[in-house]
Amino acid sequence: MHFQQAIVRPPSKTFSQGITSAELGTPLLSFAREQHRKYCNALEACGLSVNILEPDAQFPDSTFVEDTAVITRNCAVLTRPGAEARQGEVAGIKPILAQFGMQLDSIQPPGTLDGGDICQVEDHFFIGISKRTNVNGAQQLASILRKYSSTSSFVELQRSNRLLHLKSGMSYLGDGRLVLSGDLLDHPYFQEYEILQVDEHESYAANCLRVNDFVLVAAGFPKIIAKLSKLGYKTIPLEISEFQKMDGGLSCLSLRF
């Protein structure tokens with residue numbers, strides 16, 4: 001898929017009060033804002049127009065905009081985040097999606113669904129069943145996708161406490177190639193694809209991001225960067241330490257379409 005637009009929201013002054021289980025220390029807001037600025041610059045370098053929303057101090061995790069919507073070729077699905085404290089973020093993303101003229105659908109109670117649990121592979125969508133996305137939410141999304149002739153599969157994550165979201169452990173590079181780490185490496189759904197394995201000690205870097213002719217990848221993980229380069233990808237390493245402290249990754253920080 002060729003991306004033309006991105007929606008981002010810089011971290012607010014309450015960023016450090018967000019939800020995290022990472023135990024990597026308190027993020028430094030000044031560093032987070034600088035890392036976010038460079039992330040936006042990288043998206044622009046990939047050819048995207050970056051739409052920057054105002055920071056929202058009411059919701060400390062609101063910089064992770066990917067969790068609020070699932071954008072497809074045919075529609076945008078407003079999610080219902082699994083963390084109750086984050087559910088109010090969705091109202092803040094709806095107006096800009098409407099401005100782009102998208103057909104809007106939404107996940108309804110009792111369903112919960114985070115955008116970070118959705119990995120699109122062409123017209124098929126892998127939906128992670130996680131601590132944040134429940135079966136009801138996954139079923140609702142699958143039903144919406146069927147209306148637009150897209151298929152889906154559910155990937156159970158609850159047995160693995162190490163993955164907050166499905167895309168914490170996988171990403172799609174296009175051309176039938178998946179980046180996978182940990183328990184996902186052996187999952188039967190993924191065996192038909194070419195698999196790029198991420199070493200266990202670099203597992204955080206499995207959340208890389210193919211954006212047009214480039215792959216954004218977390219800096220500090222030389223093995224996966226070398227593997228991507230060997231396959232001919234042009235990589236853009238980005239420092240993202242302050243977002244890692246808050247359980248976030250590269251894909252979490254934008255909605256791309």
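The values are calculated or read from the model by the stated rules, or taken from the named source; none is laboratory data. These figures come from a predicted structure and were not determined experimentally. Using ideal geometry, Cβ is built from the backbone for each residue, glycine included, and neighbour counts are taken over all protein chains shown.
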Subset of the stretch 229-257 [assigned to a helix (DSSP H, G or I), touching a strand residue (DSSP E or B) at 6+ places or on another chain (Cβ under 9 Å) and surrounded by fewer than 21 Cβ atoms within 10 Å (Cβ to Cβ)]
Ser229, Ser241, Gln244
Residues satisfying the stated conditions in the stretch 126-156, i.e. touching a residue at least 40 places away in the same chain (Cβ under 8 Å) and either closer than 20 Å to Leu209 by Cβ or of a type outside the set (D, E, K, R) (or both)
Phe126, Ser130, Arg132, Thr133, Asn134, Gly137, Leu141, Ile144, Leu145, Tyr148, Ser150
Return the residues of the stretch 159-202 that are closer than 14 Å to Asp117 by Cα and assigned to a helix (DSSP H, G or I); say none if nothing qualifies.
Leu166, Lys167, Ser168, Leu184
Taking Leu113 as the residue in question, decide whether it is more than 20 Å from Phe3 (Cα to Cα), touching a Lys or Arg at 6+ places or on another chain (Cβ under 9 Å) and touching a residue at least 12 places away in the same chain (Cβ under 8 Å).
yes
Residue match in the stretch 29-44 (condition: touching a helix residue (DSSP H, G or I) at 6+ places or on another chain (Cβ under 9 Å) and outside any helix (DSSP H, G or I))
no
Taking the stretch 203-221 as the region of interest, how many residues are without any contact (Cβ under 8 Å) to a residue 60 or more places away in the chain, in contact with a strand residue (DSSP E or B) (Cβ under 9 Å, 6 or more places away or on another chain) and not in a loop (DSSP other than H, G, I, E, B)?
8
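State all residues of the stretch 139-185 that are closer than 22 Å to Gly249 by Cα, of a type in the set (S, T, N, Q) and either touching a strand residue (DSSP E or B) at 6+ places or on another chain (Cβ under 8 Å) or surrounded by fewer than 20 Cβ atoms within 10 Å (Cβ to Cβ) (or both); if no residue qualifies, say none.
Gln158, Ser160, Asn161, Ser171, Ser181, listed by residue number.
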Quick one: Ile93 ticks every box in (1) touching a residue at least 40 places away in the same chain (Cβ under 8 Å); (2) of a type in the set (A, V, I, L, M, F, W, C); (3) surrounded by fewer than 17 Cβ atoms within 10 Å (Cβ to Cβ) bar one, so which box is it?
(3)
With respect to Leu163, determine if the residue is within 22 Å of Phe3 (Cβ to Cβ), touching a residue at least 24 places away in the same chain (Cβ under 8 Å) and not aromatic (Phe, Trp, Tyr).
no
Any residue at all in the stretch 9-16 that is under 19 Å from the mean Cα position of the chain (by Cα) and farther than 22 Å from Ala69 by Cα?
no
Please enumerate the residues belonging to the stretch 59-74 that are in a loop (DSSP other than H, G, I, E, B) and in contact with a Phe, Trp or Tyr (Cβ under 6 Å, 6 or more places away or on another chain).
Pro60, Asn74
Ala22 being farther than 25 Å from Gln4 by Cβ and not in a loop (DSSP other than H, G, I, E, B)
no
Residue check for Val215: surrounded by 18 or more Cβ atoms within 10 Å (Cβ to Cβ), within 16 Å of the chain's Cα centre (by Cα) and modelled with pLDDT of 95 or more:
yes
When you look at Ile224, is it in contact with an Asp or Glu (Cβ under 6 Å, 6 or more places away or on another chain), surrounded by 21 or more Cβ atoms within 10 Å (Cβ to Cβ) and at negative phi, yes or no?
yes
Ala83 fails exactly one of the following numbered conditions: (1) touching a residue at least 24 places away in the same chain (Cβ under 8 Å); (2) surrounded by fewer than 22 Cβ atoms within 10 Å (Cβ to Cβ); (3) over 18 Å from Phe15 (Cα atoms). What is the number of that condition?
(3)
